[in-house]
Every structure is written in structure tokens, then in C-alpha cells.
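Rule-based calculations on the coordinates, nothing more; no lab input. Please read these numbers as outputs of a predicted model, since none were measured by experiment. Cβ coordinates were reconstructed from backbone atoms using ideal geometry, including for glycine residues, and neighbour counts include every protein chain displayed.
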Amino acid sequence: MKMLVISDTHGNYTLAMKAHSQSEQIDIIAHLGDGFSDAELMRELLDEQVISVAGNCDFCSSAPRELLWECEGKRILLTHGDAYGVKTGLDTLKRRAREIGADLVLFGHSHLATQELYSDILFINPGTMMNASLQKSYAIVDVLPDGITASLHTIS
């Protein structure tokens, strides 16, 4: 299962759509919050499945704040990250990931693209597509029964 992972679009759905068009063939889009309306728009306009969680700026969202999703025999935690204080470190999020037996954690909030392996758990923050950001980015994550691979990509 190949995923386009985006977060913190903050209304910049055109750049999110550009990331989709630049991506190789994907199976699903994961939006990690702060742009719930962007995720909804992508769901409407694209012939792609979109899963999403709400961020701290998604005030009227009906999306969950956290989602545990199973795919290809892997447990994937999707969260915006603000509830785990990711701007000051990943310790709380790492504890949560171990607690639930996650293989992959997808999070946003800090606007910093990150890829870190910790205790056989892969942590991915795709970064942001916010207009004011100097570096806009997204991630491509491939979840297979025998492993998970990920790559971060910048976009102009």
C-alpha cells in the first residue's frame, strides 16, 4: 500500500494537489490535520481514498484526533501530534506508539519533515505545505507485509 502523507496544509490545497500529481501511483492519501477542509476537498476531487485526523486548528472537523489503522499486517498510528507535545520532542509519542504496538507513526504539527526509526517503529512527519513556510514537503510511505519504507520530498 503506497501512501501520500501530508499535513499542515492550512488551506493550501493547490499545493497538496500538486504533491499528489507529482507522486508516483499511490493507493491512499493520509492527511494529518490542520487542513481538514483540504482533506475533504481532495476526497471530493480525486479518485483516491483519503484518511484524515483533525489537527489543533481544525475546529469544526468531524475527523478523529487520533486513528489506529491496520494495513498489510502493520499497525499505523495517525495523529496530528499536538496532544503529544511533538514540538518539544517525541518522547510522549514514542511511549504511546509502544503502548499500542504501532509499527508506523504518522504525525504533523511541528511543520518539520522528519523520519526517525526508534525501537523498530518508524516515525514520519511529512512537514507542511503552509504558504508561509520556507520548506514545503510531503512523504511517500510504502507499507508492505515484509516492511515499511518512506521518503520525504520537497515541493515548490
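Note on 129, 1: ascending count of other Cβ atoms within 10 Å places them as 1, 129, the fewest first. When DSSP beta bridges are restricted to pairs lying wholly in the chain, around 65% turn out antiparallel. Run through the stretch 45-131 and list the trypsin sites (Lys or Arg not before Pro) located in a DSSP loop whose Cβ has at most 14 other Cβ atoms within 10 Å. Within the stretch 45-131, the qualifying trypsin sites (Lys or Arg not before Pro) (loop, at most 14 other Cβ atoms within 10 Å) are 87.
Between residue 48 and residue 142, the simple label model (points 7 Å from Cα in the Cβ direction) yields a spacing of 1.7 nm. Determine the distance separating the Cα centre of the stretch 111-146 from the Cα centre of the stretch 1-43; give it in Å without decimals. One Cα centre to the other: 13 Å.
222 nm [θ] for the chain, helices only, -39500 (n - 2.57) per DSSP H run of 4+, per residue, to 500? All intermediate terms of the calculation are to be shown ahead of the outcome.
Working: 3 runs with 30 residues, N = 156.
After summing the helix terms and dividing by the residues of the chain, the value is -5500 deg cm²/dmol.
Extension gain, residue 56 to residue 99, is 13.2 nm, computed as 0.36 nm per intervening residue step minus the present C-alpha separation. For the stretch 46-75, the set of GluC sites (Glu not before Pro) satisfying both a DSSP loop assignment and a count of at most 15 other C-beta atoms within 10 Å is given as 48, 72.
A value for volume of the Cα convex hull per residue in Å³ was derived from the coordinates, and within the list [x] 111; [y] 132; [z] 100 it appears as [z].
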